[in-house]
Every structure is written in structure tokens, then in C-alpha cells.
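Input: a single structure, listed below in C-alpha cells.
The values are calculated or read from the model by the stated rules, or taken from the named source; none is laboratory data. Being a predicted model, the structure only gives us computed values, none of them experimental. Note: ideal-geometry Cβ built from the backbone for every residue, glycine included; neighbour counts use all protein chains shown. These accessible areas exclude ligands, DNA and RNA; they are computed on the full protein's heavy atoms, side chains included. Shrake-Rupley method; radii C 1.70, N 1.55, O 1.52, S 1.80 Å.
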Amino acid sequence: MVNSLQAIEVSPNRDKGEIEVIFYRDQASLPLVGSDTAGDTTPDITSIDVVDNGVGFNDDNTDSFDTLHSSQKIKDGGMGFGRTFYLQYFSTVSVESVFQLEDGSDTQVYRSFDFTKNDFVDNQLYAALDEHSTPYTKLSLRNVVKKHHGKLDKKIDTIARKVLEHLLPYFITPGYSCPKIIL
């Protein structure tokens, strides 16, 4: 989400910024008739999508993503290795994005790729778009790895509180225009 906030900060439409976090869960199992249903029956989160309408995964952002210990976000407190945690917790990570080329033209590009242990950027698709589209980035974190299955917080209010605690420096900065965040 920090990357989404930063992408929205440098977007020309930052005053209309929006981040949506979508949680996918194990299929809910119904309790047996006559069984004790006490306790938390909220299904485990298995996958997560984070979608923002920031500047998108342009060439600079992709090069930074593909570089271990990138210095691109050092001034913002980044250390350049956050993405390496994705594959510790999820078996599949993919990115898709629409962004404006930075060459002064009106050309928009669609980019998608998988993030793998073997190659940082794998199965990349890159194509100019014929029609204008709203810039966005979608990070898909799929299938919690077995050793972490069931360890993610389940309740949306708990997740919301932890997100707020983690991102509090953004929200209390004078003059900062907070994007809409939807969980």
C-alpha cells in the first residue's frame, strides 16, 4: 500500500486517488446441524489484490522493481527490497498496469508480468493501447504459502486498524491529500 500511496502522490490526478484492497478467502464451510458454532468462523485469507490509480508501472518503476536494493525510493524511506517478501508469503505474484509514457506523447501502455524467484520480471507483456484508459496498477498476491496459511489477520476491522497504524505518518502530514482506501 505504501507503493500505491507513493504512485498516487506523483500522479496528475492525486486529488482523486484511490486504493482498493481485495481479499480472497477459503470457501466458507457451513457448520454441521447441532454442532457448536462458537468461536471465529471467518474463513482464512488466501489471496490479495491491491489496485491503485496512481502513475502506473512505468519504465522507471519497473526498472526499480527489477533491481534488488534499488535506491529509487530512498528519500521516501524505502530500502529497495520490500518486494522480496511477497514470495515468502504468496506462491504467485503478478502485476498489471496501464500508464502514460513519459516521452511527452499521449501514448498509454499496458504492462503485465509475473514476479518469480528465478527472474524478478517474467512473462512480461508490453503493448501500446489504442484507446485512452485510466492509469492503474494491480498487484495480485495469490495463494498464501503453506507455512503462513491461516496466519494472516482475518477481520477487516483488524486489518483496517493495522493499515492505519502503519500508514499513520502519511495521514498526519500537513497538506497531505489522503486517497480513498477501500478494504
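A straight Cα-to-Cα reach below 13 Å connects Lys16 with the aspartates and glutamates Asp52, residues fewer than 8 places away in its own chain not being considered. Set the Förster radius R0 to 25 Å, insert the Cβ-Cβ distance between Asp60 and Thr84 as r into 1/(1 + (r/R0)^6), and round the FRET efficiency to 0.05. Rounded to the nearest 0.05, the efficiency is 0.80. With a simple spin-label model that places each label point 7 Å from the Cα along the Cα-to-Cβ direction, the separation between Thr134 and Ile182 comes to 0.8 nm. For the residues Val2, Val10, a 1.4 Å probe over the protein chains yields an accessible-area ranking, largest first, of Val10, Val2. The Kirkwood radius of the range 83-183, taken over pairs of alpha-carbon atoms, gives through the Stokes-Einstein law at 25 °C and 0.890 mPa s a diffusion coefficient of 148 µm² s⁻¹. Stretched out straight at 0.36 nm per residue, the stretch from Gln124 to Arg14 would grow longer than its current Cα-Cα span by 36.9 nm. Running Debye on the range 126-182 with equal point scatterers at the Cα sites and no solvent, what base-10 log of I(q)/I(0) appears at q = 0.25 Å⁻¹? For the range 126-182 at q = 0.25 Å⁻¹, log10 I(q)/I(0) is -1.12. Annotation: extensible slack from Leu168 through Asn143 equals 6.2 nm (criterion: 0.36 nm per residue apart, minus Cα-Cα distance).
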